[in-house]
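See structure below.
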Amino acid sequence: MGSSASQTSAELSKDDIEFISSKAKIDHESVRVWYEKLKAACPNGKISKADTVSFLRSINSGKEEQIEKQAADIHKAFDANNDGIVDQREFLIGFALTSNGSIREKLKYVFRTYDHDKDGVINKKEIDRMVKIAMRLHAKDDPENTARIIEELKRSLEHLNQGKDLDDIRITSKEFIQLLIENKELCELVSPFNIEQPREVIVQQPHAQSK
């Protein structure tokens with residue numbers, strides 16, 4: 001992320017603590033204790049992937065591959081310049097989201113990571129950045145299929161803007177989230193989180209009671 005070692009870490013707000021507490025299913029005091037431990041372990045405010053794995057291992061009794069996967073998800077979501085380092089506050093929010101965030105909450109955060117200028121919409125420049133990140137994450141495994149999905153993404157975004165050229169495109173958070181919820185391939189392409197699509201709810205008819 002290019003931050004200097006002397007930079008102080010961002011503090012958790014009351015909203016941050018409430019969000020992390022509710023999603024990670026832990027009490028407020030535990031969130032504060034975790035954050036203090038993270039600051040003590042990484043006083044420069046930054047956490048490496050190895051630090052992330054160690055932290056998750058210390059609080060999680062899950063399998064090693066699950067811990068590695070969660071660490072990878074967090075770093076994909078927050079490591080903006082691919083240097084293997086994330087911010088402490090962002091790490092805890094990422095931990096909460098990868099632990100128990102809803103699909104809409106995860107995608108809302110994904111939108112914010114792509115809305116680089118924080119104006120509430122994704123424009124052409126930000127879409128280009130999104131495509132570059134997607135290519136970096138997926139193209140090495142299946143370049144042909146990744147290219148196909150990226151073209152589908154561009155067509156879908158143009159459709160949202162009534163066929164306007166990508167140069168004039170402006171996608172809102174609501175439009176972005178709905179598009180990805182409805183399209184599993186696009187969701188997997190642009191979201192660094194492991195997001196399960198909502199399943200169709202089957203309402204069973206009550207059995208007729210015998211008289």
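The values are calculated or read from the model by the stated rules, or taken from the named source; none is laboratory data. Here the structure is a predicted model, which means the values were calculated and not measured. Note that each Cβ is placed from the backbone with ideal geometry, even for glycine, and that neighbours are counted across all protein chains shown. Calculation scope for accessible area: heavy atoms of the full protein, side chains included, ligands and nucleic acids excluded. Shrake-Rupley method; radii C 1.70, N 1.55, O 1.52, S 1.80 Å.
Details
- Selection status of ASP73, assigned to a helix (DSSP H, G or I) and modelled with pLDDT of 80 or more: no
- Considering residues of the range 87-141 that are polar (S, T, N, Q) and farther than 21 Å from GLN178 by Cβ only, the residue least open to solvent (accessible area, probe 1.4 Å): GLN88
- Sole exception among (1) within 30 Å of LEU56 (Cβ to Cβ); (2) more than 13 Å from the chain's Cα centre (by Cα); (3) not assigned by the TED database to the domain that holds LYS46 for ASP119, by number: (1)
- Total residues in the range 38-47, condition touching a helix residue (DSSP H, G or I) at 6+ places or on another chain (Cβ under 8 Å) and at pLDDT 75 or above: 5
- Screening the range 17-39 for residues that are open to solvent by 40 Å² or more (accessible area, probe 1.4 Å) and part of a loop (DSSP other than H, G, I, E, B) and picking the one that is nearest to ASN100 (Cα to Cα) gives LYS25.
- Single residue of VAL33, VAL53 found to be at pLDDT 75 or above and out of contact with any Asp or Glu (no Cβ under 8 Å at 6 or more places or on another chain): VAL33
- Selection from the range 78-112 of residues that are touching a Phe, Trp or Tyr at 6+ places or on another chain (Cβ under 6 Å), in a helix (DSSP H, G or I) and closer than 23 Å to ASN44 by Cβ: GLU90, GLY94
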